[in-house]
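Quick notes on the structure that follows.
The values are calculated or read from the model by the stated rules, or taken from the named source; none is laboratory data. Given the structure is predicted, the values throughout are model-derived calculations rather than measurements. So basically every Cβ, Gly included, is an ideal-geometry build from the backbone, and we count neighbours across all protein chains shown.
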Amino acid sequence: MSSLALSYIVNLLSRREYSEFELRCKMQEKAFCEDEINQALSQVQQKHWQSDKRFTENYIHARAQRGYGFNRIRQELKQLKGIRSQVIDEIMTELEIDWSVLAHTTLRKKFPDYAKCDDLKTKQKIWRYMLSHGFFADDFKQYIGMSKEESEWDV
């Protein structure tokens, strides 16, 4: 195994957590061969320097703190970070995040006067914002008092 490949991974991991998929992509960009990549990744995982579970847990915490909901975080982990659905579901269950409370916090932060808004256009703007940030409609619609008839996007 190339010590250069291992050094490269250790250097990356010394700065922040990476998923296995991200490390593999970065190493492919640097033109390491597949055997070197596999051996280096195997070694750092055996030493617990890299863990997709730990990465997933930290990522979920960080994105939830930034006001993103279950759907958005799950999609990012699968598509951008290469984390398997099984790992995501396991960690999401372990963390026991109250998505309704998080939705309310996000709503208050982005729309401080949301309780006073009566017009349909503003409610729909709030609705779109919350859905685009990955929240389920059930997590936030009770806070904006929007009936099913008013909503075009009832999910």
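Considering (1) in a helix (DSSP H, G or I); (2) charged (D, E, K, R); (3) touching a residue at least 60 places away in the same chain (Cβ under 8 Å), say which one Lys81 fails and leave the rest.
For Lys81, the exception is condition (1).
Looking at this structure, is Tyr68 assigned to a loop (DSSP other than H, G, I, E, B), hydroxyl-bearing (Ser, Thr, Tyr), closer than 30 Å to Cys25 by Cα and not assigned by TED's automatic domain parsing to the domain that holds Arg24?
The answer is yes for Tyr68.
Return the total of residues in segment 22-35 being surrounded by fewer than 17 Cβ atoms within 10 Å (Cβ to Cβ) and either out of contact with any Phe, Trp or Tyr (no Cβ under 9 Å at 6 or more places or on another chain) or more than 20 Å from Glu76 (Cβ to Cβ) (or both).
Matching residues across segment 22-35 total 8.
Pairs please, first residue from segment 40-68 and touching a residue at least 60 places away in the same chain (Cβ under 8 Å) and of a type in the set (Asp, Glu), second anywhere and crowded, with 19+ Cβ neighbours inside 10 Å and assigned to a helix (DSSP H, G or I), Cβ atoms under 6 Å, 6+ apart in sequence or on different chains.
none
Within segment 47-65, take every residue that is assigned to a helix (DSSP H, G or I) and of a type in the set (Ser, Thr, Tyr) and give me the one that is surrounded by the fewest Cβ atoms within 10 Å (Cβ to Cβ).
Step by step, filter segment 47-65, then rank; the result is Tyr59.
Considering only residues that are out of contact with any Lys or Arg (no Cβ under 8 Å at 6 or more places or on another chain) and hydroxyl-bearing (Ser, Thr, Tyr), look in segment 66-94 and name the one that is modelled with the lowest pLDDT.
Restricting to residues being out of contact with any Lys or Arg (no Cβ under 8 Å at 6 or more places or on another chain) and hydroxyl-bearing (Ser, Thr, Tyr), the top hit is Thr93.
Take segment 1-18 and flag every residue that is touching a residue at least 40 places away in the same chain (Cβ under 8 Å) and more than 11 Å from Trp49 (Cα to Cα).
Met1
Has segment 23-42 got any residue that is on the phi < 0 side of the Ramachandran plot, of a type in the set (Asp, Glu) and in a loop (DSSP other than H, G, I, E, B)?
no
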